[in-house]
Amino acid sequence: MMTPPKFWQEPDGARHPAARLLWPVAALYGFIGARKISAATPYRAAGPVICVGNVSMGGVGKTPFSLMLAETLQDLNRQPAFLTRGFGGSLRQPTMLGTQHTAAQSGDEAQLLRQQGPVVVAADRPAGARLIFAQTSADSLIMDDGFQNPSLHKDLSFLLIDAETGFGNGQVFPAGPLREKPAAALRRAQAVVFVLPDQSASVPDALVRRAAGKPVLRAWLEAAPVHPPGRRVVAFCGIGRPEKFYRTARSAGYDLAATRDFPDHHAFTQADLTALRALAGQHQATLLTTQKDHVRLPTDLQAEVETLPVRMQVDKQATLTSLLEDLF
């Protein structure tokens, strides 16, 4: 995975020489994407489709939010299933995920989703939806990502926005971090979710105004406190913004003796774990990683690495429940 250039997130990054140079490519990228969306005739699935998406490149918490949606639906006596592209996996045909499938085949997000309900991995979203409603008892479908994919009709779309980085320099890839212009994305969303670094953080007023009267939720990842507090760990991860994981680990009470970053969706090797073991030994610490990273570790080494379980929380559970109830 590429490391995003700094000018993508700088307030005046649109005026950066590289952004100006890349603007024609960005304009073409945006035009092709918008044209694809406007020209599509989406397939309508046999049940409600709930999309969890974002407008920027990289992760913002779509998988934890999807898991929380499934839990909420299950509390309403519904039976959701998940549809995901399986980013980073090798599966090429629509596949119902089973215990025999590894993260290398399905991608790491799919392995996490499987803990909460049936999962189909399919780049062809209509084919994946047909498989779900034909082979499971699901009465609804949660699509992790796919907001810019117009092939499947979406009954309810949540647009997740990182409250810290917002829309970056406001430019479409590769001149900026956006998959499309924010105004276009906001028009298609039924609800906006601002993802906070923690519960106490606020959302800039300028971002809230962009929601234009749509239902707004504030969400954050919460980790259970570690017992006893102050447990010494070497924390490592291969995610888009590793500092978010380290901050959450510290807030849960871990003492981070050292940290190590890997590329997003990194496929961990025996050599990686050997080096991490040595580092942990130097600090007399335990290894700690994210749930997403843990499923990508070599199976025989997973037992020696702790995970930091997290759950997505929202500030307006009643609003969220009402949006979901209206689908049925």
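The values are calculated or read from the model by the stated rules, or taken from the named source; none is laboratory data. Computed from a predicted model, the values in this text were never measured in an experiment. Glycine also receives a Cβ, built like all others from the backbone with ideal geometry; neighbour counts cover every protein chain displayed.
Quick grid of which residues meet (1) polar (S, T, N, Q); (2) at pLDDT 95 or above; (3) touching a strand residue (DSSP E or B) at 6+ places or on another chain (Cβ under 6 Å):
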position: HIS265; (1), (2), (3): no, no, no
position: GLN270; (1), (2), (3): yes, no, no
position: THR289; (1), (2), (3): yes, yes, yes
position: VAL295; (1), (2), (3): no, no, no
position: PRO298; (1), (2), (3): no, no, no
position: GLU304; (1), (2), (3): no, no, no
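Restricting segment 305-328 to residues that are part of a strand (DSSP E or B), within 22 Å of the chain's Cα centre (by Cα) and hydrophobic (A, V, I, L, M, F, W, C), which is surrounded by the fewest Cβ atoms within 10 Å (Cβ to Cβ)?
By that ranking, first place goes to VAL314.
Given the options GLY88, GLY59, GLY47, GLY98, name the one that is touching a His at 6+ places or on another chain (Cβ under 8 Å) and assigned to a loop (DSSP other than H, G, I, E, B). After ruling out the rest, the residue left standing is GLY88. Within segment 162-190, the set of residues being in a strand (DSSP E or B) and touching a helix residue (DSSP H, G or I) at 6+ places or on another chain (Cβ under 6 Å) comprises just one member, VAL172. The number of residues in segment 148-177 being touching a Cys at 6+ places or on another chain (Cβ under 9 Å) and small (Gly, Ala, Ser) comes to 1.
If the condition is being more than 30 Å from GLN190 (Cα to Cα) and surrounded by fewer than 21 Cβ atoms within 10 Å (Cβ to Cβ), then segment 211-242 contributes ALA224, PRO225, VAL226, HIS227, PRO228, PRO229, GLY230, ARG231, ARG232. The set of residues from segment 18-32 being in contact with a helix residue (DSSP H, G or I) (Cβ under 9 Å, 6 or more places away or on another chain) and either of a type outside the set (D, E, K, R) or closer than 17 Å to MET57 by Cβ (or both) comprises ALA18, ALA19, TRP23, ALA26, GLY30.
Filter segment 263-274 for residues that are in contact (Cβ under 8 Å) with a residue 12 or more places away in the chain and part of a helix (DSSP H, G or I); which is nearest to TYR246 (Cα to Cα)?
Our first condition is that a residue be in contact (Cβ under 8 Å) with a residue 12 or more places away in the chain; within segment 263-274, this holds for 263-270, 273.
Now drop any that are not part of a helix (DSSP H, G or I), which leaves 270, 273.
Numbers: GLN270: 23, LEU273: 19 Å.
By that ranking, first place goes to LEU273.
Considering SER90, SER151, the condition of being touching a Pro at 6+ places or on another chain (Cβ under 6 Å), outside the structural domain of THR289 (by TED's automatic domain parsing) and either among the hydroxyl-bearing types (Ser, Thr, Tyr) or surrounded by fewer than 19 Cβ atoms within 10 Å (Cβ to Cβ) (or both) is satisfied by SER151 alone.
Condition check for ALA123 on (1) part of a loop (DSSP other than H, G, I, E, B); (2) without any contact (Cβ under 8 Å) to a residue 40 or more places away in the chain; (3) touching a Ser or Thr at 6+ places or on another chain (Cβ under 8 Å): one failure, at (3).
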